[in-house]
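See below for the structure under consideration.
The values are calculated or read from the model by the stated rules, or taken from the named source; none is laboratory data. Since we're looking at a predicted model, the values are computed, not measured. Reconstructed Cβ throughout: ideal geometry from the backbone, glycine too, with neighbour counts over all protein chains shown.
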Amino acid sequence: MSTLLAACGVNKSFGAVTAAADINAAIEADSVVGLIGANGAGKTTFINMITGYLKPDSGDIRYEGRDITALAPRDITRLGILRSFQIPQLYGSLSVYENMLTALGIMLHNAGRGGFFSRSRPHVPGHDAPAEEVAERILERFGLAEYREKNTQVLPGGVRKLLDIALTMAARPRVLLLDEPTSGVSAEEKFGIMEMVMKAMKAEGVTVIFVEHDMEVVSRFSERVLAFYDGRIIADGRPEAVLGDPDVRRYVVGGELRRRDEQAARA
Amino acid sequence: MKRDRMPSLLGATLAAVIVGGPLLPQWALFILTIAFAQGLVALGLMLLLRAGLVSFGQALYYCIGAYTAGGLARAFNVGDVFLQMIAGAATAALAAFILGFLLARYRGIFFGLLSLALSMILYGLIVKSEALGSTDGLNIAQSTLFGVRPAADWVRYAVAVAAAFAGIGAAYLVHRFLGTPLGRLAPAIKDNEIRVEYMGASVRHAIHVKYVIAATLAGMGGALAATTVGHIDPEMAYWTTSGEFIFIAILAGTGSVLAPFLGALLFGAIHTLAYDLSPHTWQMSLGTALLLVIVFLPEGLWSLFARRRTA
């Protein structure tokens, strides 16, 4: 498999706090990578640097061999690197359907279609259908069709999370970064959401990088895990190997796993 | 899909002015024309309001438009209403294009006060300039239409029809713009700029475009007002003038491109009536009217029509 996205010797600190210390990671195309680590370990900083929200102090981010470190977030988005947010970023005054139409409208706008002089309903780039049709399709796929006319402010947490991710599909992403896709979602909903998202991404051939605190979700859905501690990557490999690593157990998932092991031993 | 009723609604309004105009007294034609001039400014404000921006300084472009028209009339003896409006719009657009690089960086109260400050700078400059007539302003010769000077009794009607063509034409173009992907981005920008940027669109560019359109409309309105009144003065850039435009925009609501003109007409009617009944407390009547609209019709006058349609 070929390298799609790479961080090369990336450093970032906020005052005395080191958020990234010589981060090197190459992400292969079509892979699903889980990022784990305690709060403040540098996972979200990693995502924020890839998407251009933060600029590294040194080192660079490469996408298909091209240096994208200095690009603005919207230019990185246009290359096909999309992200979701820990707290869903939706258009609060609009309905679910209108949220989707707005996302698709931006694609039309960026492609110079549907402008002032266009008469027909143009096809959304990459989707081969008018925006209205594509919107229905994506909502259907993410199980959001029943919420179509609902204002996004009244949606349950899990549905908001799903919509936040579904919006990125408008752009036909090549890489999708999910920042804690299951945080704030009930335990029952978690797997359903991940199942639906991962299925859609596999079908579209999207490379997924996701930050997650629930180790069950990590071991079930990721093909590779990067464990962060203190701004460094302390383990990198298959989920079972990384989650079993003594350092990872001590610094990252210690509390979580020990508790489960103890429960299992008692049972 | 709903059929778009706006073009026929706009056409009917235009026809009503052309047919009904000769029946109206001169003073009513004057109020109608000024309503179109102010409606143009409010139409631009509506575009900005939809994106969550309140400009307290549209009088800047209103005044630029008016002085461009005045300059054209005095220096080059061009009295043509359409030429004056085009020139006023173009000058305002150019000014907004340049200032837009600065203003598109700001939001909320900063955007509002910065736009107000810019209009007050222009006010100050004109007041200090003898060549521009200082506080007295300048008189402009009577308007012409396509090189023809209408008979004295018909000037008001001719200018009113020209105003209707300009206003309705602009309303149609803005209506079309609101249907484009860029136009539709307004509520998204108001709601969540982060998401807009992370979907790959430039918020600053979108706001810059809307700002220039709003200024173009204000410049056109200013030129129209100048030729209608026959006089220009620095009060056109004063902050209370901007306040009147916001008053009209709030009165009208952001629901439709026709609403700003209705709002302006109502504003003119209330203003005239209140001034007639009690010259010293007319502001109180205006204030009361605005209060009633905000309390009972928070979406503006247009909600009266919108509600009836869905009911």
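Quick notes on this one:
- Qualifying residue in segment B:150-168 (condition: of a type in the set (D, E, K, R) and either touching a Lys or Arg at 6+ places or on another chain (Cβ under 8 Å) or within 14 Å of chain A (Cβ to nearest Cβ) (or both)): no
- Flag if A:Tyr251 is modelled with pLDDT of 90 or more, within 15 Å of A:Ala41 (Cβ to Cβ) and either exposed (fewer than 14 other Cβ atoms within 10 Å of the Cβ) or among the hydroxyl-bearing types (Ser, Thr, Tyr) (or both): no
Conditions tested, residue by residue: (1) in a helix (DSSP H, G or I); (2) farther than 21 Å from B:Phe36 by Cβ.
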position: B:Ile86; (1), (2): yes, no
position: B:Leu113; (1), (2): yes, yes
position: B:Leu122; (1), (2): yes, yes
position: B:Ile126; (1), (2): yes, yes
position: B:Pro150; (1), (2): no, no
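- If the condition is being in a loop (DSSP other than H, G, I, E, B), away from every other protein chain (no Cβ under 14 Å) and of a type in the set (Gly, Ala, Ser), then segment B:184-235 contributes only B:Gly230.
- The residue that is surrounded by the fewest Cβ atoms within 10 Å (Cβ to Cβ), among those in segment A:171-204 that are among the small types (Gly, Ala, Ser) and within 14 Å of the chain's Cα centre (by Cα), is A:Ser183.
- Hey, B:Thr240 under 26 Å from B:Trp27 (Cβ atoms) and surrounded by fewer than 23 Cβ atoms within 10 Å (Cβ to Cβ) or not: yes
- Looking only at residues of segment A:170-192 that are of a type outside the set (A, V, I, L, M, F, W, C) and closer than 17 Å to A:Gln89 by Cβ, we find that the one that is farthest from the other protein chains (Cβ to nearest Cβ) is A:Thr182.
- Identification of helices (runs of 4 or more DSSP H) wholly contained in segment B:242-311 with 3 or more residues that are out of contact with any Asp or Glu (no Cβ under 8 Å at 6 or more places or on another chain) and modelled with pLDDT of 90 or more yields B:259-277.
- Any hit, segment B:172-183, residues being within 22 Å of the chain's Cα centre (by Cα) and not in a helix (DSSP H, G or I): yes
- Being modelled with pLDDT of 95 or more, crowded, with 18+ Cβ neighbours inside 10 Å and within 30 Å of A:Gly112 (Cα to Cα) is a condition met by at least one residue of segment B:108-117.
- A single member of A:Val217, A:Val159 is farther than 28 Å from A:Val252 by Cβ, assigned to a helix (DSSP H, G or I), over 13 Å from the mean Cα position of the chain (by Cα) and among the hydrophobic types (A, V, I, L, M, F, W, C), and it is A:Val159.
- Scan of segment B:108-130 for residues that are within 16 Å of B:Leu53 (Cα to Cα) and free of Cβ contacts under 8 Å to residues at least 60 places away in the same chain, ordered by number: B:Gly108, B:Ile109, B:Phe110, B:Phe111, B:Gly112, B:Leu113, B:Leu114
- Identity of the residue in segment A:89-104, closer than 24 Å to A:Ser183 by Cβ and at the interface with chain B (Cβ under 9 Å from one of its Cβ atoms), that ends up surrounded by the fewest Cβ atoms within 10 Å (Cβ to Cβ): A:Gly92
- Any chance A:Tyr229 is buried (at least 17 other Cβ atoms within 10 Å of the Cβ) and more than 22 Å from A:Thr44 (Cβ to Cβ): no
- Looking only at segment A:55-86, and only at residues there that are assigned to a loop (DSSP other than H, G, I, E, B), closer than 23 Å to B:Lys190 by Cβ and touching a residue at least 60 places away in the same chain (Cβ under 8 Å), the one that is farthest from the other protein chains (Cβ to nearest Cβ): A:Gln86
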